[in-house]
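First the structure, in the form of structure tokens, and then the observations on it.
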Amino acid sequence: MPHPVNPADLPAPFSNYSHAMEVPAGARLLVCSGQLGMRADGSIPAETSEQARICFDNIRILLAEADMDLTDVIRINAYVTDRAHMAPYMDVRNALFPAPFPASTLMIVSGFTRPEFTVEIEVMAAKHD
């Protein structure tokens, strides 16, 4: 099972994430492309929190296809288009990932392929069979 690496010689993480995750030998890795907040019917909600929920729902579908779930996520890379979108994204992320927290990066970017998107999320997952 992957486990967090949070050395005492580093400042504590700013939020619910780990500085690193160690994956044991023999684990399967799944690397997911960035998921946008678009439903299967093509609709895109305006609210960042709803887009983030859809991103994670899409990620759940990818994980399930590999016989994994959110507990297998070891790394999250998230991108938002404005500082105002950080808290709504983080509220959704924090509700979905209890300790031990995956490693995580959150960046503010100038935009995505379509202007209605406010968040994009990609993950890496590992599972030892």
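Semi-axes, largest first, in whole Å: what does sqrt of 5 times each Cα gyration tensor eigenvalue give for the chain?
Value: 25, 19, 11 Å, ordered largest first.
What figure, in Å² to the nearest 10, do you get for the accessible area of Met107 with a 1.4 Å probe and non-protein molecules left out?
Using a 1.4 Å probe on the heavy atoms, I get roughly 80 Å².
Which peptide among 17-23, 66-72, 40-46 comes first, and what is the full order, when sorted by highest mean count of other Cβ atoms within 10 Å?
Going by the mean number of other Cβ atoms within 10 Å, highest first, we get 17-23, 66-72, 40-46.
Taking only protein heavy atoms into account and a 1.4 Å probe, give the accessible area per residue of the chain in Å².
Per-residue value: 55 Å².
Per residue of region 47-58, what does 6.51 cos²θ - 1.76 cosθ + 1.60 with θ = phi - 60° give for ³J(HN,Hα)? Whole Hz please, x for Gly and Pro, Karplus curve as stated.
Karplus-based 3J(HN,Hα) across region 47-58 equals 6, 4, 4, 5, 4, 5, 4, 5, 3, 5, 4, 5 Hz.
Report the net charge of residues surrounding Ile74, where surrounding means a beta-carbon distance below 15 angstrom and charges are Lys +1, Arg +1, Asp -1, Glu -1.
So the environment of Ile74 carries a net charge of 0.
Might you work out the accessible area of Arg39 for me, using a 1.4 Å probe with all protein chains in place, and round it to the nearest 10 Å²?
For Arg39, solvent-accessible area is about 90 Å².
Any chance you could look up the accessible area of Arg60 with a 1.4 Å probe, heavy atoms only, rounded to 10 Å²?
100
Collect residues whose amide H, placed 1.01 Å from N in the peptide plane, falls under 5 Å from the amide H of Ile74; neighbours closer than 5 in sequence don't count.
For Ile74, whose amide H was placed from the backbone, the distant partners under 5 Å are Met124, Ala125, Ala126.
Tell me, what % of the accessible area of the chain is carbon and sulfur with a 1.4 angstrom probe?
57
The values are calculated or read from the model by the stated rules, or taken from the named source; none is laboratory data. Source: prediction; values computed, not measured. Methodologically, a virtual Cβ is constructed for each residue, glycine included, from the backbone with ideal geometry; neighbour enumeration extends over all protein chains shown. Accessible surface areas use protein heavy atoms only, side chains included; no ligands, DNA or RNA. Shrake-Rupley method; radii C 1.70, N 1.55, O 1.52, S 1.80 Å.
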